[in-house]
1. Taking the stretch 234-281, which residues are out of contact with any helix residue (DSSP H, G or I) (no Cβ under 9 Å at 6 or more places or on another chain), of a type in the set (S, T, N, Q) and modelled with pLDDT under 95?
2. Which residue is nearest to the chain's Cα centre (by Cα), if the candidates are limited to the stretch 391-414 and must be crowded, with 23+ Cβ neighbours inside 10 Å and hydroxyl-bearing (Ser, Thr, Tyr)?
3. Any residue in the stretch 140-155 that is away from the ligand (no atom under 16 Å from the Cβ), acidic (Asp, Glu) and more than 24 Å from Arg481 (Cα to Cα)?
4. Given the structure, is Ala19 at pLDDT below 95, surrounded by fewer than 17 Cβ atoms within 10 Å (Cβ to Cβ) and within 22 Å of Arg319 (Cβ to Cβ)?
5. What are the residues in the stretch 63-74 that are farther than 19 Å from Leu92 by Cβ and touching a Ser or Thr at 6+ places or on another chain (Cβ under 7 Å), if any?
6. Quick check on the stretch 178-188: of everything there that is in a helix (DSSP H, G or I) and free of Cβ contacts under 8 Å to residues at least 60 places away in the same chain, which residue is nearest to Asn323 (Cα to Cα)?
7. If you check every pair at least six apart or on different chains, which have Cβ atoms under 7 Å apart with a residue in the stretch 210-234 that is of a type in the set (Phe, Trp, Tyr) first and a residue that is assigned to a loop (DSSP other than H, G, I, E, B) second?
8. Any chance the stretch 360-371 includes a residue that's at pLDDT below 95, of a type in the set (A, V, I, L, M, F, W, C) and surrounded by 18 or more Cβ atoms within 10 Å (Cβ to Cβ)?
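The values are calculated or read from the model by the stated rules, or taken from the named source; none is laboratory data. This is a predicted model, so every value here is computed, not measured. Every residue, glycine among them, receives a Cβ derived from its backbone with ideal geometry; neighbour counts consider all protein chains shown.
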Amino acid sequence: MKKLLTIILLSAITLAATAQPKLNKDNIDEVLAAMTLEEKATLVVGSGWGSMAAGSMTAATKVLVPGAAGTTVAIERLGIPQTVLSDGPAGLRIDPRRKDDPNTYFCTGFPVGTVLACTFDAQTVEELLKAMGEEVREYGADVLLAPGMNLHRNPLCGRNFEYFSEDPFLSGKISAAFIRGIQSQGVGVSAKHFAFNNQEINRMANDARIPQRALRELYLKNFEIAVRDAKPWTLMSSYNKINGEFTQQSHDLLTTILRDEWGFDGMVMTDWGAKDGTVAAVHAGNDLMEPGMPFETQRIIEAVNNGTLDIADLDRNVRNILNYIVKTPRFAGYKYSNKPDLEAHAALVRKVATEGMVLLKNDDNTLPFDGVKNVALFGLNAYKSIAGGTGSGNVNKPYIRHISEGMQEAGFKLDENIERLYKAWREYQNAEDVNASFLPGQALGGGLSLGDGVMPEMAVRKVVVQNSVVRNDAAVVVIGRNAGEGDDRTIDGDFDLTAAERELITNVCNLYHQAGKKVVVVLNVGGAVETASWKNLPDAILLAWTPGQEVGNSVADIITGKANPSGKLSMTFPVTYLDIPSSANFPYYKPKGNRNNGGDWAAMAAAMGFKMPEPQPVKDYDYTDYAEGLNVGYRYFNTNNVAVSYPFGFGLSYTTFEYGKPTVKADADGITVSVSVKNTGKVAGKEAVQVYVAAPAGGLEKPACELKAFAKTRELQPGESQVLTMKVTSYELASFNDDTCAWETAAGTYKVLVGASVEDIRGTATFKQAKPMSWKAHSALLSK
Ligand code: BGC
């Protein structure tokens, strides 16, 4: 009898054990069925702040990768592991040092998103991003919180450097390449910030009020391309609202458009910070709350129990999370090495950065330097160069190769007096104040790591410049700018140059030119700056951007001619800030100390002596009216013939290219454009070719032309040619008709413009669209 009882008991225990499935990729529904309500609610609420650094706040979560932004939580009984989510767009952001551990965990500082877009080369971006993906995997993270892909609506947005372009097609295709590169390494991405996060001021509460057509054609289009082309594992919803509703709680955005229309089958997580509407977010299709707080779990449990949240919504989200988890390296028990090949990645970064740098001016072939040995190198950021932006877009990189170091390594002899002056200024600034926390590569224990910051530029007396002329063959002036999340840039002294910078450029140019010597300005900046008022002064201008940890070597490679710059502008450089239509509705003036709310902006601006374009509709910026609609970037400047300083797509090379006559073949699916490009100059180089399409009259009113394809040649030797072939689908030609709520491609004769920039069209062709085509969309996210 006792034996029988034991057998029965043992069988019951076995049964109970088998009734507890362990997660695998084929039993997700079974695991879901075995989960309690508490477990489901725990899983959809992730763990963020607690896992960022040693000293976890939440006992249930372990610190798997110190410095990572967050994790999903483990449910051990069901074999669900904790997985790691970590920033960001310019490389993995984790703590570089760990307590009682002699090893270091530095990650490569890659070129920022804008540089990637300026390569106009999806293949190169995909290759480079494989290296970033390897670091994600080898340091034990499962998802990289990137790419950042909001449109450059306005150059003052503090996070533009993380983003790609003012154009949704370029942004979408480069994002897709980014995603493919990372995900080829067996780890995922979280494409962000979905969507309409085009400013940082009041980012947690700002309501983006966007007309339907611009919302579809511009601000969602790049996400649509990335989702359809590259299938990101996850997306991150943004902080802000869209037309009155938080994106995190928008069923229209996260389910109707994203899943029902675009076919997204991955996971959506919130951006980092709890919102009031946890339950609404679950219902909307926001699968994972990050960083996750215990009170959110309670809210979900209560809502299911009191019938305000349908358990089917919760189950759907849990299923999406489980589907994600089974794909991760952590689930597979991957033994990561903590030893990615940082040296090989640095070499890649050094090279690709030069392909995203844009040569804006090069009179008399000033660059590459020929016969120049002694160089007067001016500008603080020559000695303290900026590799990338601040905030979650920063990377704790092993080093930053300063421009001064790169130049010296390349064999230039830098003027010692000037070098001494700037180094002293740098030390003084470091010692003085908060800038100490901006030291390159330094992480702030567990919190956001600050990037390489900008210190005030030093005023250099004219006599110092004058005395240097005789000692040097040429001068280089470096101008620096940095920005980061949580704040936007200002016009004066940020978009516009400061008085000290203007004076420096003017004095150096005047005095060196008097002696027949050349001057080059290098812009080590994260975003567009004003150039029209001073660009006539130097002989050459190199827009180096913030191109990653090898900044100095990459710049030196271009200055010596070891590399031929092949980047083109992914955004327009206007003549003045106020030329940009969105400047009428961008909160560009901020009194210090009261940045996100309150303040009588117009009155304060008037008191400071500058003019607001139009009376501001709101005082405290709790909404932003995207009144300019489609008039963003070249769509506005080109269509309305408004002069710019440098147009979209512009960039010089050390060689010249001749374009053949383009041909266009139309088929049922769209068109195929071919063009041959020949290197007609004296050195090897790559050319980024752009295909713009101008629609026939009769359909919807459209911008004069829109970018619909781009491609870059391989490195062509002098005399060598290559035929580039690019496809544009009929759907890609469509515009959004908000009356019919459909994408429409009108019938008629289209003009195809093949160019080196939007203003430098080298050849045209036409094709006929016999019948109009249309694709029905959902009626969603309508303005209130
Ligand atoms: C940023 C995100 C980032 C997250 C985690 C947020 O403040 O907006 O881009 O991924 O923090 O660090």
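1. Selection gives nothing.
2. Of everything passing the filter in the stretch 391-414, Ser392 is nearest to the chain's Cα centre (by Cα).
3. The answer is no; no qualifying residue exists.
4. yes
5. Once the filter is applied, which keeps residues that are farther than 19 Å from Leu92 by Cβ and touching a Ser or Thr at 6+ places or on another chain (Cβ under 7 Å), the stretch 63-74 yields only Val73.
6. Among them, the one singled out is Gln183.
7. Going by the 7 Å Cβ cut-off, the qualifying pairs are Tyr219/Leu151; Tyr219/Ala195; Tyr219/Phe196; Tyr219/Ile210; Phe223/Met149; Phe223/Ala195; Trp233/Gly266; Trp233/Lys327.
8. no
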